[in-house]
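Here's the structure, in structure tokens; my notes come after.
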Amino acid sequence: MIIELDCPSSVRKQLGKLFAEALKQTVPTELEIVPLIDACIPKDGVKHADYQCNNAMSLFAKIKGKQEEFKNPRSLGEGIMKNLPPSEMIESCSVAGPGFVNIVLSNKWIAQRVQKMLTDGIDSWAPRLPIKRVLVDFSSPNIAKEMHVGHLRSTIIGDTLARMLEFCQPECLIRRNHLGDWGTQFGMLIAHHFEKFPNSDNVNESNIGDLQAFYKESKLKFDSDPDFKLNAQQSVVKLQGGDPKYRKAWEQICNISRTEFNKVYQRLGIHLEEMPESFYNELIPPTLEKLDKLGLIEDSDGARVIFVDGVDIPLIAVKKDGGYNYFSTDLASLWYRLNIEKLDWNIYVTDVGQWQHFDMLFKAFRRAGWLPKDENEYPICTHIGFGLVLGKDGKRLRSSLGETVRLVDLLDKAKEKSKIALLKRGNTKEWSEEEIEKASEAIGYGAVKYADLKNNRTTNYTINFEQMLNDKGNTAVYLIYAHARICSIIRKSGKDIEELKKTGTVVLDHEDERTLALHLLQFTEVFVESCSNLLPHTLCEYLYNLAEIFTKKFYSNCQVVGSPEETSRLLLCEATLVVMRHCFYLLGIVPVDKL
């Protein structure tokens, strides 16, 4: 599912409007032609134009024999170019090969657009969603289990997607944490709780201690002791029946988990609105009753199931023992989101292994008439899948003891390694301890996030601290260093940038000034592509290319401080900072101003 974003500030969009008029004038018999506008990519280091219109070849096949003035695609391309309305944004056009219309943008126009962004702010470049209410469901760990690297991708990718969608300024965006706080596992946890602490009134969270160890102890007893297993099953019934004593024990266990989860969220700068599985417990029976009245639920081997198109196995709504499962909860939660929260777009961020689960859920709702038959009509539901986190051995990342790596440990290790590298640089002698800590956190946590986000989310990726903390190549460290370098240039100038925005003018006389400014303008169309497809790695690629253009072209070949062009080039530095910082924000990375 690709969402169409409206982005008037996009260069491609503006050129599209001009070429739509040219196409209409050139081939009036062909209605609703979509202009095919693409940015030109350098070949062997050479770029002959900024953009290209590629309609001529495909369009000629449609009109061949109808308009005799066009003998081939090239002549059609020349006709399209001739009918282009005059525009201050275009410097020149030419036709290449079989009708490709090459477009060179005006230097003056590019400079004016960059300067206008500095005055109006980057929000003036924001596209608009065609919908009002969006929910991103991500992270969603289970109570009584520590967050591990398996939760890393959902948490990081989900947060970035939420930030990207927020930039599009919907009326409402909800960041939903669908905590797993309900189910049969709580029976064994509560039973173990009462065995270990018979006088539960005097127990608090500190008495329970390490919840992961507590979970393992209860699971071991559940699997080996029949009497304990029976007690655990009875505890579930009492909990679900609302027994105050059992509810209190459940709340204590949940609160310990929340404290641990918040340690991770605090490190990563993640903000979520919690609505756990238990919230929907009372909604499950009426939701299933509605589906039953519609004739969707049927009996199968003692269970209550729903069959959907294209899948041989059914969706189990009620288990053989009469209990509920993940499908039961998801049926109720999606009904709530559509009917009570009135959401236009529901986005679920989980690993690719859960694709079929959500595919069946959405198909059940379409069968019930609760979602449109056409998947492109609103309200829509989208599953955003991602691959596994692997270790250097190419296998699922685990600790030296063979257990899943705790997420908080991974983040602390990244911070520790970034701090060591920072101190080795020898530039921190005059820094306070607080400054060193903040910089270490920004680099370490940023490195973990970027190492994930720069990969296509659908693929597996390998955690390698040496690579992610390298200050060369496509890493967060390199990008943060580039940001700090630009800040240093502006500081050394001693100029008031806010004053320069009011009095100075951007001029693009040097080739590398123009290359940088054009890349800044292209942020909007890259963002639209990244957001429309919900693929953050496209934005990462843009940010890396921006840092490369600034560092290896502009910074290397265009003296800033003390040059005759100082004012204009300082404004280009500031514009680069504005776009870089916004990219960092969208990726959930905190930049630093000095290193």
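If I take every Cα pair under 8 Å that is 6 or more residues apart in region 279-319, average their sequence separation and divide by the length, what percent do I get for the relative contact order? Answer for region 279-319 is 26 percent. Averaging the Cα positions of each part gives two centres, and for region 208-251 and region 267-310 these lie 24 Å apart.
Proximity of backbone amide H atoms, modeled 1.01 Å from N, is registered between Ile174 and Val134, Leu135, Val136 at under 5 Å, excluding neighbours fewer than 5 places apart on the same chain. Quick note on the chain: its Rg to Rh ratio, both from C-alpha atoms and Rh being the Kirkwood radius, is 1.04. Residues whose amide H falls under 5 Å from that of Asn142, counting only those 5 or more places apart or on a different chain, are Gly180, with hydrogens built in the peptide plane.
Using only the C-alpha atoms, the convex hull of region 276-359 corresponds to 122 Å³ per residue. In the chain, helices alone account for a calculated mean residue ellipticity at 222 nm of -16000 deg cm²/dmol, with every DSSP H run of four or more residues adding -39,500 (n - 2.57). Simple rule: put +1 on each Lys or Arg Cβ and -1 on each Asp or Glu Cβ in the chain, find the dipole, and look at Val560, Gln115, Phe70; the Cα lying farthest toward the positive end is Val560. Computed from backbone phi, the HN-Hα couplings of region 26-32 come to 7, 10, x, 7, 9, 8, 6 Hz, rounded to whole numbers (Karplus: 6.51 cos²θ - 1.76 cosθ + 1.60, θ = phi - 60°; Gly and Pro given as x). Placing unit charges on the Cβ atoms only, positive for Lys and Arg and negative for Asp and Glu, gives region 118-162 a dipole magnitude near 200 debye about its Cα centre. Normalised by residue count, region 110-197 yields a Cα convex hull volume of 154 Å³ per residue. Take every DSSP beta bridge whose two residues both sit in the chain; close to 55 percent of them are antiparallel.
Across region 59-73, rounded Karplus estimates of 3J(HN,Hα) from the backbone phi angles (6.51 cos²θ - 1.76 cosθ + 1.60, θ = phi - 60°) give 6, 4, 4, 7, 9, 3, x, 8, 10, 5, 5, 9, 8, 7, x Hz, Gly and Pro being marked x.
The Rg/Rh ratio of region 160-304, with Rg taken over Cα atoms and Rh as the Kirkwood radius over Cα pairs, comes to 1.06. For region 466-506, the set of trypsin sites (Lys or Arg not before Pro) satisfying both a DSSP loop assignment and a count of at most 12 other C-beta atoms within 10 Å is given as Lys472. Straight-line reach only, C-alpha to C-alpha below 23 angstrom: list the lysines that Lys64 could link to, leaving out same-chain residues fewer than 8 apart. Qualifying lysines at Cα under 23 Å: Lys24, Lys82. Residues whose amide H comes within less than 5 Å of that of Trp431, counting only those at least five positions distant or on another chain, are absent (H built at 1.01 Å from N in the peptide plane). Candidate cross-link partners of Lys501 among the lysines, defined by an alpha-carbon separation under 24 Å and a same-chain spacing of 8 or more, comprise Lys108, Lys116, Lys492, Lys553, Lys594. Heavy-atom accessible surface of region 334-471, averaged per residue, reaches 49 Å², computed with a 1.4 Å probe.
Site pair Val104 and Thr184 shows an inter-label distance of 7.2 nm when each label is modelled 7 Å from Cα along Cα→Cβ.
Give me the net charge for the shell around Leu388: Cβ to Cβ below 11 angstrom, other residues only, Lys and Arg +1, Asp and Glu -1. Counting the neighbours of Leu388, the net charge comes to +2.
Solvent-accessible area assigned to carbon and sulfur over the chain amounts to 49 percent, based on a 1.4 Å probe. What the phi angles of region 262-279 give under the Karplus curve with 6.51, -1.76 and 1.60, with θ = phi - 60°, is a coupling list of 5, 5, 6, 4, 5, 4, 8, x, 9, 10, 10, 9, 7, 9, x, 4, 4, 4 Hz, glycine and proline written as x. Based on protein heavy atoms only, region 120-277 ends up with 42 Å² per residue of surface accessible to a 1.4 Å probe.
Lysine pair count for region 273-378 with Cα-Cα distance under 24 Å and sequence separation of 8 or more or different chains is 15.
Normalised by residue count, region 225-305 yields a Cα convex hull volume of 179 Å³ per residue. Per residue, region 505-575 exposes 34 Å² of solvent-accessible protein surface, assessed with a 1.4 angstrom probe and all protein chains in place.
The values are calculated or read from the model by the stated rules, or taken from the named source; none is laboratory data. This is a predicted model, so every value here is computed, not measured. Here the Cβ is made from the backbone with ideal geometry for all residues, glycine too, and neighbour counts use every protein chain on show. For the accessible areas, the whole protein counts, side chains as well, though only heavy atoms, and no ligand, DNA or RNA atoms are used. Shrake-Rupley method; radii C 1.70, N 1.55, O 1.52, S 1.80 Å.
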